[in-house]
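What follows is one structure encoded as structure tokens, with my remarks underneath.
The values are calculated or read from the model by the stated rules, or taken from the named source; none is laboratory data. Everything numeric here is computed off the predicted structure, so don't read it as measured data. FYI the Cβ positions are ideal-geometry reconstructions off the backbone, even for glycines, and counts take in every protein chain you see.
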Amino acid sequence: MARGARAARSREGKSGGAAWDAFDYFRGSDEEKALGLFRLVDEDGSAPDAALAWLDADRARELYRGMVTIRVVDQRLMALQRQGRVGFYGEALGQEAAVVGSAAALEAQDWLVPALREAGAGLFRGLSLSSYVAQIFGNAADVSRGRQLPCHPCDRTTNYVVMSSCVGSQIPHAVGIAMAMKTCPPEGGPVPVCMGYMGDGATSEPDFHVAMNFAGVARAPVVLVCQNNQWAISTPGTLQTASPTIAIKGIGYGVESLRVDGNDVCAVYLASCYATDKARRGQGPTFLELLTYRVSAHSSSDDPSRYRDETVTEVWRGKRDPLVRLAAVAAARGWFGADETAAMATDIEAEVRAVVAEQEAIGMPAVESLIEDVYEEPTWLLREQLDGLGDRPSRRGTE
């Protein structure tokens with residue numbers, strides 16, 4: 001069954017209606033939704049049967065596999081960075097539910113505009129692992145020819161846009177993409193949705209406010225997702241904003257704003273389905289605040305122990321682990337157990353190691369590629385500069 005078809009089936013209730021219709025949260029006032037916290041599964045993995053009546057074993061397994069894929073990939077690639085085999089890496093440890101749960105609500109025709117920690121969303125939607133690892137290495141197989149910092153993949157076939165390192169600048173892009181699709185919708189099909197991501201730090205940037213205002217006025221078919229991991233590098237949320245929640249910022253722009261437990265993949269998925277469905281029906285944008293925690297460092301260049309209380313981190317790392325929470329749900333319902341989850345992780349680890357070995361063996365892009373894609377025909381000055389590189393020693397110390 002196609003991913004989109006399974007997603008559509010899973011978000012329908014037993015009666016055929018929308019699954020979110022069963023929850024009072026979505027009928028609350030704007031302030032109640034933005035100040036509250038939508039959760040379906042408790043931290044210990046317990047959940048009333050009625051809360052998950054819309055979810056089946058296949059979808060739960062798909063969500064779990066998406067999350068464990070992120071974790072295994074991140075662990076392996078971060079290890080490569082520590083070994084000096086890649087230059088930079090930023091992982092999504094502890095935030096896998098926010099990444100996968102939101103992306104799972106998208107259909108094939110939709111677009112995704114990521115921030116730093118959404119590569120797993122790209123992998124979930126079909127970005128090949130080989131393409132992603134090639135970009136991390138910046139080798140000759142990398143579609144961007146090694147011209148981007150690692151963790152900047154892109155994929156035209158799945159409408160996955162390359163992230164911007166300039167914090168927040170991608171948010172207006174997401175709204176613009178959504179407006180383009182609204183203005184020129186495809187024939188014979190629903191209006192595609194654009195999902196644009198940001199971290200909590202991006203909500204302090206002017207780009208966030210410009211984009212939210214435009215989305216609200218123009219009723220763009222966009223879902224803006226803030227992964228509130230509570231740290232903007234070394235700045236805690238308490239020092240970044242006086243707002244009681246990040247979600248409530250959307251109300252002033254006329255954008256419905258939901259606040260969700262970002263470590264509950266079931267709640268994230270259902271809220272994201274609500275938002276994407278609303279956008280497809282021409283009912284305008286939604287702003288999602290997914291409350292989670294950055295268990296790891298901001299990036300491989302950061303040491304969080306210098307500025308935060310790591311005893312708090314350990315609570316989120318253990319008690320609030322999103323993978324443990326969904327695994328408990330699945331085990332309680334007999335969908336899958338520890339043997340299957342362990343086998344899943346082992347299979348993914350083997351795949352990642354094979355892809356890493358394959359991509360590491362591929363050489364770097366040809367030096368000539370430096371002057372390609374600038375002009376149709378390289379100018380004499382570019383050729384002269386390229387010729388000058390022939391006299392320089394290799395950066396690795398070999399001639």
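Of the set (1) in a strand (DSSP E or B); (2) without any contact (Cβ under 8 Å) to a residue 24 or more places away in the chain, all apply to residue 227 but (2).
If you go through segment 133-152 and pick out every residue that is under 16 Å from residue 357 (Cβ atoms), of a type in the set (A, V, I, L, M) and either in a helix (DSSP H, G or I) or touching a Cys at 6+ places or on another chain (Cβ under 9 Å) (or both), you end up with 3.
Which one of these is touching a Gly at 6+ places or on another chain (Cβ under 6 Å), aliphatic (A, V, I, L, M), within 23 Å of residue 275 (Cα to Cα) and in the same structural domain as residue 208 (by TED's automatic domain parsing): 177, 171?
Numbers: 177 fails: touching a Gly at 6+ places or on another chain (Cβ under 6 Å).
Exactly one of 177, 171 is touching a Gly at 6+ places or on another chain (Cβ under 6 Å), aliphatic (A, V, I, L, M), within 23 Å of residue 275 (Cα to Cα) and in the same structural domain as residue 208 (by TED's automatic domain parsing), namely 171.
Taking the listed residues 373, 303, 347, 339, the one that is on the phi > 0 side of the Ramachandran plot and of a type outside the set (Val, Ile, Thr) is 373, with no other qualifying.
Could you tell me whether residue 232 is out of contact with any helix residue (DSSP H, G or I) (no Cβ under 7 Å at 6 or more places or on another chain) and in contact (Cβ under 8 Å) with a residue 12 or more places away in the chain? Explain how you work it out, then say what you get.
Details: out of contact with any helix residue (DSSP H, G or I) (no Cβ under 7 Å at 6 or more places or on another chain): no; in contact (Cβ under 8 Å) with a residue 12 or more places away in the chain: yes.
For residue 232, the condition - out of contact with any helix residue (DSSP H, G or I) (no Cβ under 7 Å at 6 or more places or on another chain) and in contact (Cβ under 8 Å) with a residue 12 or more places away in the chain - is not met.
Taking segment 122-142 as the range and being small (Gly, Ala, Ser), in contact (Cβ under 8 Å) with a residue 60 or more places away in the chain and in contact with a helix residue (DSSP H, G or I) (Cβ under 8 Å, 6 or more places away or on another chain) as the test, the residues that pass are 130, 134, 141.
Does residue 216 satisfy being at pLDDT 95 or above, assigned by TED's automatic domain parsing to the domain that holds residue 251 and outside any strand (DSSP E or B)? Reasoning before the result, please.
Values: at pLDDT 95 or above: yes; assigned by TED's automatic domain parsing to the domain that holds residue 251: yes; outside any strand (DSSP E or B): yes.
In short, yes.
Just wondering, is there one or more residues in segment 251-265 that are within 17 Å of residue 113 (Cβ to Cβ), part of a helix (DSSP H, G or I) and of a type in the set (Phe, Trp, Tyr)? No - not one qualifying residue is present in segment 251-265. For the condition crowded, with 19+ Cβ neighbours inside 10 Å, closer than 26 Å to residue 286 by Cα, outside the structural domain of residue 355 (by TED's automatic domain parsing) and among the small types (Gly, Ala, Ser), residue 19 qualifies. Restricting 329, 356, 352, 374 to residues that are modelled with pLDDT under 95 and among the hydrophobic types (A, V, I, L, M, F, W, C) narrows the list to 374. Within segment 301-322, no residue that is without any contact (Cβ under 8 Å) to a residue 24 or more places away in the chain and assigned to a loop (DSSP other than H, G, I, E, B) sits with its Cβ atom under 6 Å from a residue that is charged (D, E, K, R) and surrounded by fewer than 16 Cβ atoms within 10 Å (Cβ to Cβ) at 6+ positions apart or across chains. Assess whether residue 377 counts as being more than 30 Å from residue 80 (Cβ to Cβ) and either of a type in the set (S, T, N, Q) or part of a loop (DSSP other than H, G, I, E, B) (or both). Taking the combined requirement at face value, the residue satisfies it. For segment 168-213, the set of residues classified as assigned to a strand (DSSP E or B) and under 18 Å from residue 125 (Cβ atoms) consists of 194, 195, 196, 197, listed by residue number.
Being assigned to a loop (DSSP other than H, G, I, E, B), in the same structural domain as residue 77 (by TED's automatic domain parsing) and loosely packed, with under 15 Cβ neighbours inside 10 Å, is that true of even one residue in segment 328-341? Talk me through it step by step, then tell me what you get.
Taking segment 328-341 first, the residues assigned to a loop (DSSP other than H, G, I, E, B) are 334-337.
Applying the additional criterion that residues be in the same structural domain as residue 77 (by TED's automatic domain parsing) yields 334-337.
Imposing the further condition that a residue be loosely packed, with under 15 Cβ neighbours inside 10 Å reduces the set to 334, 337.
Yes, there is a match, as at least one residue in segment 328-341 is assigned to a loop (DSSP other than H, G, I, E, B), in the same structural domain as residue 77 (by TED's automatic domain parsing) and loosely packed, with under 15 Cβ neighbours inside 10 Å.
Selection of first residues in segment 196-216 that are more than 15 Å from residue 275 (Cβ to Cβ) and buried (at least 24 other Cβ atoms within 10 Å of the Cβ) and of second residues that are among the hydroxyl-bearing types (Ser, Thr, Tyr) and modelled with pLDDT of 95 or more, restricted to Cβ pairs under 6 Å at least 6 apart or on distinct chains, gives an empty result. Of all the criteria given as (1) part of a helix (DSSP H, G or I); (2) more than 28 Å from residue 67 (Cα to Cα); (3) in contact (Cβ under 8 Å) with a residue 60 or more places away in the chain, the one not satisfied by residue 270 is (2).
Taking the criterion of being surrounded by fewer than 19 Cβ atoms within 10 Å (Cβ to Cβ) and touching a residue at least 40 places away in the same chain (Cβ under 8 Å), the residues of segment 166-181 that qualify are 173, 179.
Just to check your reading of the model, which residue among 96, 107, 118 is of a type outside the set (Ser, Thr, Tyr), surrounded by fewer than 24 Cβ atoms within 10 Å (Cβ to Cβ), touching a helix residue (DSSP H, G or I) at 6+ places or on another chain (Cβ under 7 Å) and modelled with pLDDT of 95 or more? Steps first, answer last, please.
Details: 96 fails: surrounded by fewer than 24 Cβ atoms within 10 Å (Cβ to Cβ); 118 fails: surrounded by fewer than 24 Cβ atoms within 10 Å (Cβ to Cβ).
Result: 107 is the single residue among 96, 107, 118 that is of a type outside the set (Ser, Thr, Tyr), surrounded by fewer than 24 Cβ atoms within 10 Å (Cβ to Cβ), touching a helix residue (DSSP H, G or I) at 6+ places or on another chain (Cβ under 7 Å) and modelled with pLDDT of 95 or more.
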